[in-house]
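The values are calculated or read from the model by the stated rules, or taken from the named source; none is laboratory data. All values derive from a computational prediction rather than experimental measurement. Positions of Cβ are generated from backbone atoms using ideal geometry, with glycine treated the same way; all protein chains shown enter the neighbour counts. Areas reflect the complete protein model, heavy atoms only, side chains present, ligands, DNA and RNA absent. Shrake-Rupley method; radii C 1.70, N 1.55, O 1.52, S 1.80 Å.
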Amino acid sequence: MRPELSTASDASLALSIARYREDALAEAYRRHAGAVFGLARRLLREKAAAEEVVQEVFVRLWNAPDRFDPERGSLRSYLLAQAHGRAVDQMRAESSRRRREEREARETAHGGYDLELEVGDMMVAGQVREVLGALPDTERKPIELAYFRGHTYREVATILGEPEGTVKSRIRSGLKRMHGQLAVAGLGAKGQQP
């Protein structure tokens, strides 16, 4: 890092970032990442989610430094506002997901099962377990963690030490492979035999 960046104003840093100076972004990060992380952590209560917000905020700064207007406030206040907005978006998405899952669980509970359906479901479950067991570990493990143990994609990625995009891709690939195998086994789209 050039020595002048350590004493540069926020406006000068933003201008240097707009000129694709990575050392300017590093200086902005050094100055403000702790505050951004602190706010995100306080709102989200999860370290990994807070770290994700910090990353998004600084990637946004790198991609669109011109959105920061030094006449409207400091770089720190701009970054904190960005972090707050992103954290609130994550909380709303999580809340919406929980409500949807609870609604689906209630609907399933109210629907009830009859004995014939339950026996059919048990047969289908056995075939699904067999097809799942035949998948390569790289596809089977993420599917088991996400669909049978209830972890989010982000949690699965953390557990397996893989990037979230890789985990999603492997789950998609595995589910596609399972769909084909289940179709060969004679299961219809709704998981019931024709």
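State yes or no: is R76 more than 24 Å from T158 (Cβ to Cβ), basic (K, R), open to solvent by less than 90 Å² (accessible area, probe 1.4 Å) and touching a residue at least 40 places away in the same chain (Cβ under 8 Å)?
Working: more than 24 Å from T158 (Cβ to Cβ): yes; basic (K, R): yes; open to solvent by less than 90 Å² (accessible area, probe 1.4 Å): no; touching a residue at least 40 places away in the same chain (Cβ under 8 Å): yes.
So R76 does not fit the description; no.
Here is a yes/no grid of residues against (1) buried (at least 16 other Cβ atoms within 10 Å of the Cβ); (2) not in a helix (DSSP H, G or I):
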residue: L5; (1), (2): yes, no
residue: I17; (1), (2): yes, no
residue: Y20; (1), (2): no, yes
residue: A35; (1), (2): no, no
residue: R41; (1), (2): yes, no
Scanning region 120-135 for residues that are within 11 Å of G174 (Cα to Cα) and open to solvent by 60 Å² or more (accessible area, probe 1.4 Å) gives A134
Of Q82, Q90, Q55, the only residue that is open to solvent by 50 Å² or more (accessible area, probe 1.4 Å), under 29 Å from E162 (Cβ atoms) and not basic (K, R) is Q55
Does E27 satisfy the condition of being exposed (fewer than 14 other Cβ atoms within 10 Å of the Cβ) and either in a helix (DSSP H, G or I) or touching a Gly at 6+ places or on another chain (Cβ under 9 Å) (or both)?
no
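Which residue out of R92, R129, R98, R76 is modelled with pLDDT under 85, part of a helix (DSSP H, G or I) and basic (K, R)? Reasoning before the result, please.
Details: R92 fails: modelled with pLDDT under 85; R98 fails: modelled with pLDDT under 85; R76 fails: modelled with pLDDT under 85.
When all the criteria are applied, what remains is R129.
Sort out which residues of region 124-144 are within 25 Å of E164 (Cα to Cα) and without any contact (Cβ under 8 Å) to a residue 40 or more places away in the chain, and write them in order of number. Show your work before the answer.
Residues of region 124-144 within 25 Å of E164 (Cα to Cα): 128-129, 131-144.
R129, G133, P136, D137, T138, E139, R140, K141, P142, I143, E144, listed by residue number.
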Regarding region 104-117, can at least one residue be identified that is open to solvent by 80 Å² or more (accessible area, probe 1.4 Å), modelled with pLDDT under 85 and farther than 30 Å from Q181 by Cα?
yes
What number goes with the only condition from (1) in a helix (DSSP H, G or I); (2) touching a residue at least 12 places away in the same chain (Cβ under 8 Å) that P70 does not pass?
(1)
Considering region 53-85, residues that are under 19 Å from A8 (Cβ atoms) and among the polar types (S, T, N, Q), and then whichever is nearest to the chain's Cα centre (by Cα), we arrive at S77
